[in-house]
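The values are calculated or read from the model by the stated rules, or taken from the named source; none is laboratory data. As the structure is a computational prediction, the values presented were derived from the model and not from experiment. Here the Cβ positions follow ideal geometry from the backbone for every residue, glycine too, while neighbour counts run over all protein chains shown.
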Amino acid sequence: MKEFERYPISYIVGQNLFFLVYFGIGCAEMLSLQIHGFPVISILYAFFLVIMLLFVLRKHLCTHCYYYGKRCNTGWGKLSSFMFKKDSGNYQLGIKLAGITWMLATLIPIVGSVLTLILNYSALTLSLLVLFVLLTPINFVIHKKACEKCKMRFICPASMAKGS
């Protein structure tokens with residue numbers, strides 16, 4: 001399998017567009033969970049994703065990666081080099097936080113939309129839940145495909161392609 005020294009821009013754009021759609025659906029599923037007309041859960045979920053995916057994990061994971069300062073599958077290796085010094089994060093903490101982050105990023109919209117459906121059934125919310133659930137394995141397949149072309153796949157504890 002051919003490794004990428006630098007992932008193609010089209011791959012990076014596609015990956016990030018997928019994330020925007022995927023997490024946007026997750027936020028939209030929970031919009032009716034409001035306090036005084038404010039979609040608290042959706043806003044907190046979006047804030048959590050931004051903080052964890054764009055800052056915390058970039059500090060702790062990307063600063064230790066081969067792709068630090070380069071174009072990885074998401075472009076976040078390049079992003080992290082603008083924000084943090086190389087090796088400035090705690091890689092083991094980053095691995096643990098990544099698992100927790102991705103678990104919560106997936107489960108919160110599912111639980112939130114089920115709660116939404118119980119409180120105020122809507123065909124739209126049900127459709128968004130079904131779409132989110134269908135996109136979840138696609139997210140994992142995309143991640144695995146990116147790992148298969150990654151130069152760090154044999155040493156990265158989070159790699160989904162160690163045997164590739």
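Taking the stretch 75-84 as the range and being part of a helix (DSSP H, G or I) and surrounded by 15 or more Cβ atoms within 10 Å (Cβ to Cβ) as the test, the residues that pass are TRP76, GLY77, LYS78, LEU79, SER80, SER81. Scanning the stretch 90-105 for residues that are in contact (Cβ under 8 Å) with a residue 60 or more places away in the chain and either farther than 18 Å from THR63 by Cβ or exposed (fewer than 14 other Cβ atoms within 10 Å of the Cβ) (or both) turns up just one, ALA105.
Report, by residue number, each residue of the stretch 63-82 that is touching a residue at least 24 places away in the same chain (Cβ under 8 Å) and in contact with a Cys (Cβ under 9 Å, 6 or more places away or on another chain). Residues satisfying the conditions are CYS65, TYR66, TYR67, CYS72, ASN73, LEU79. For the stretch 17-53, name all the residues that are among the aromatic types (Phe, Trp, Tyr) and either outside any helix (DSSP H, G or I) or in contact with an Asp or Glu (Cβ under 9 Å, 6 or more places away or on another chain) (or both). If the condition is that a residue be among the aromatic types (Phe, Trp, Tyr) and either outside any helix (DSSP H, G or I) or in contact with an Asp or Glu (Cβ under 9 Å, 6 or more places away or on another chain) (or both), then PHE38 is the only one that fits.
Looking across the stretch 120-140, the residues that are aliphatic (A, V, I, L, M) and surrounded by 11 or more Cβ atoms within 10 Å (Cβ to Cβ) come down to LEU124, LEU126, LEU128, LEU129, VAL130, LEU131, VAL133, LEU135, ILE138. Each residue in the stretch 86-122 was checked for being out of contact with any helix residue (DSSP H, G or I) (no Cβ under 7 Å at 6 or more places or on another chain) and farther than 19 Å from PRO39 by Cα, and 7 of them qualify.
Each row is one residue, and each column tells you yes or no for (1) in a helix (DSSP H, G or I); (2) modelled with pLDDT of 95 or more; (3) hydrophobic (A, V, I, L, M, F, W, C).
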position: LYS70; (1), (2), (3): no, no, no
position: ASN73; (1), (2), (3): no, no, no
position: LYS86; (1), (2), (3): no, yes, no
position: ILE100; (1), (2), (3): yes, yes, yes
position: GLY112; (1), (2), (3): yes, yes, no
position: LEU128; (1), (2), (3): yes, yes, yes
position: ILE138; (1), (2), (3): yes, yes, yes
position: HIS143; (1), (2), (3): yes, no, no
position: ALA158; (1), (2), (3): no, no, yes
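For the stretch 1-50, a tally of residues being over 23 Å from VAL130 (Cβ atoms) and in contact with a helix residue (DSSP H, G or I) (Cβ under 6 Å, 6 or more places away or on another chain) returns 1.
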